[in-house]
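The values are calculated or read from the model by the stated rules, or taken from the named source; none is laboratory data. Because the structure is predicted, anything quoted here is derived from the model rather than measured. For neighbour counting, all protein chains shown are included, and Cβ atoms are generated from backbone atoms with ideal geometry for every residue, glycine included.
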Amino acid sequence: MAAPRILLAGDVFGRLNQLFKRVQSVNKSAGPFDALFCVGQFFPDSPERLEEFMNYVEGRSSVPLPTYFIGDYGVAAPKVLSTASKNSANLGFKMDGLTICENLHWLRGSGKFSFQGLSIVYLSGRSSSEGQQFGTYSQDDVDALRALAEESGVVDLFLTNEWPSGVTTRASLADVPAEASDSSGCDPAISELVAEIKPRYHIAGTKDIFYAREPYSNTDAVHVTRFLGLASVGNPKKQKFIHAISPTPACTMSTSEISVKPSNATLSPYTFEEQTGRLKEVTKRPGDSMSDSQYWRYDVSKKRQKSGDGDGLCFKFIYTGSCPRGEQCNFQHDMDSREQFRRGVCLDLLLKGKCEKGPECSFKHELQNEAENPPRRRVGSGSMSVNRSKECWFCLSSPNVESHLIISVGENYYCALAKGPLVEDHVLVIPIEHLPNTFTLSQEFESELVRLRDSLQLYFRNRQKEAVLFEWVSKRVSHANLQVVPVPSSRAAAVPDIFNMAAKRMGFKLVSKKFDNILDRRKWLRTQFDENSNFFYAEVPDGTILTLSVDENEKFPAQFGREVRNCLLISETIQNYFQCDHSHSDQMLSKCVEPEMQPFHLPLLGPYLVQQVEVIIHLALSLCQLFLVAYETGL
């Protein structure tokens, strides 16, 4: 397959007749070309050119080839773009452009799309503090690109209107135009973005000069980046305003091909100094009682709120669950909104308070809650995460939990006895932060999870037992809990067969894979986990991982063995347990188990608070019923 042939143009300023005349000439002599991408101001800079421009928009003149623009500002821009935005064909997220007329497409906001194999990323508009509806980009647009930068694969083209600040650093002075030293038309935010995105080509306009910088190398990437600044259409200095390229898509290139560096390649022009902010003094809020404020250490939502004074939500955190800026981010890292997004709530509704697509949107337009009649709450409210921490039965910051079940507290995880255990040393491993599953935490925290798992294994093996670990990952689970249940060592070899048999009875087939190394198991599990579906996995004593992905609309009982005989008896027994007052027996049990675990290097930290979520009833029933199957079949 031949490489796509692309035309690039600078600021058009509404001179569409001149632009397309030149395009047709180039297309005839060196074409055919597949598309035209325009950077810089696309709309007229004066009312005199409006009639010419509207002839194309309203269909009286034709656009000769697919044309994409990001310079959504100038005369008549608000009217034209507002009309296009209301078109039913343009509603929702359309990263490959909103259609203005035949062959003319507006790349709105920021995004990434594929064009004939090329990976294209863009940032529409210019930097501005005025917050206009059109012609400026928002922090959400920037955060979205930062989220996209973390995705795998190489970006072929990055389109911006303004130049990145400092692009001429380390460049050959003989080739740098004198006008390039002027800071107007440059944006430091774009410098940061291009350093993160690392595109093969970066195209920009606005400065009304042509400049092709020498290729420069990228940090942590094998390929080079070529920057190209284009002049405006019909500029008086006759500088180049149209340029042709034919790049082979990076996704089709070998490592040796993409890593070739020209002899004139330079180091990256973007060098940033890390800035460390002063630690803010933590002061007690007026009216805080001692019982409320003593849990600040584990109230992650309060730590999030301290980072930045912005009222908006961080797009990257809501979309991915993490933000590389951390406490330096100017926007809220609201876990409750992140959870709402995971439950299928419309991203536009969460970030902007409304959805432009309206009834045609396939996402939910009401906040989702596990209760039957969830209370309506304002999205983005600063108190949402704090309230969630106080209400959640797993958050250590909640003052309403029972401290006697805690047996170990680490940096990112803590261990607690299950309230309503299958056996007396049934343990839960729970993230301290309010997260929906153990995969939400960064991979750098896996080592702590592995240490806890190994310590529990040693503890159980000292008692002639083996540990079975399992987790049910669902949008309905608000705070993760990894179950660790011991089984007699003499029966451990039968556990995989028990799981597979119960799954077969329910019409499901588990995926099985065996590993010798626990870190390899977790890495593989992350590749199997899909945020858009529910996911069950179990780790059995011989190192085998059993997994099952379940679509959101597919019914999957949390208790595998629901059809097993005596299921009702087991269910009744466990439910009776919750109807009784076991606070004293639990307290006695934790006092016995906690000292026994101390020699196995669990970081013990006495009275911190936790309360078991009732969804564990289903998982507890599942394992009980699985062992019933084993008992009946003689496994």
Inset, instruction - Would you confirm whether any residue within the range 66-87 is surrounded by fewer than 20 Cβ atoms within 10 Å (Cβ to Cβ), closer than 30 Å to Gly153 by Cβ and modelled with pLDDT of 95 or more? - result: yes
Inset, instruction - Identify the single condition in (1) at pLDDT 85 or above; (2) over 21 Å from Lys513 (Cα atoms) that Thr438 does not satisfy, given that it satisfies every other one. - result: (2)
Legend entry - Selected residue (only one of Gly185, Gly111, Gly166 is without any contact (Cβ under 8 Å) to a residue 40 or more places away in the chain, farther than 19 Å from Asp34 by Cα, out of contact with any Lys or Arg (no Cβ under 7 Å at 6 or more places or on another chain) and of a type in the set (Gly, Ala, Ser)): Gly111
Inset, instruction - Starting from the range 441-456, keep only residues that are within 14 Å of Glu539 (Cα to Cα) and assigned by TED's automatic domain parsing to the domain that holds Ala538, then list their pairs with residues that are at pLDDT below 80 and surrounded by 15 or more Cβ atoms within 10 Å (Cβ to Cβ) whose Cβ atoms are within a distance under 6 Å, requiring at least 6 positions of separation or different chains. - result: Val450/Ile518
Legend entry - Complete set of residues in the range 440-471 that are assigned to a helix (DSSP H, G or I), buried (at least 18 other Cβ atoms within 10 Å of the Cβ) and acidic (Asp, Glu): Glu446
Legend entry - Qualifying residue in the range 18-27 (condition: buried (at least 18 other Cβ atoms within 10 Å of the Cβ), outside any helix (DSSP H, G or I) and assigned by TED's automatic domain parsing to the domain that holds Ile190): no
Inset, instruction - Evaluate the following for Gly310: is it at pLDDT below 65 and closer than 30 Å to Ser152 by Cβ? - result: yes
Legend entry - Unmet criterion (only one of (1) touching a residue at least 24 places away in the same chain (Cβ under 8 Å); (2) farther than 24 Å from Tyr211 by Cα; (3) surrounded by fewer than 20 Cβ atoms within 10 Å (Cβ to Cβ)) for Ser128: (1)
Legend entry - Enumeration of residues in the range 64-93 that are touching a strand residue (DSSP E or B) at 6+ places or on another chain (Cβ under 9 Å) and under 27 Å from Trp163 (Cβ atoms): Leu65, Pro66, Thr67, Tyr68, Phe69, Ile70, Gly71, Asp72, Tyr73, Val80, Leu81
Inset, instruction - Filter the range 82-125 for residues that are hydrophobic (A, V, I, L, M, F, W, C), under 21 Å from Leu351 (Cα atoms) and out of contact with any helix residue (DSSP H, G or I) (no Cβ under 9 Å at 6 or more places or on another chain) and give the result. - result: Met95, Leu107
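For the range 84-100, indicate whether the set of residues that are outside any loop (DSSP other than H, G, I, E, B), assigned by TED's automatic domain parsing to the domain that holds Phe37, without any contact (Cβ under 8 Å) to a residue 40 or more places away in the chain and within 26 Å of Ile197 (Cα to Cα) is non-empty.
Yes, there is a match, as at least one residue in the range 84-100 is outside any loop (DSSP other than H, G, I, E, B), assigned by TED's automatic domain parsing to the domain that holds Phe37, without any contact (Cβ under 8 Å) to a residue 40 or more places away in the chain and within 26 Å of Ile197 (Cα to Cα).
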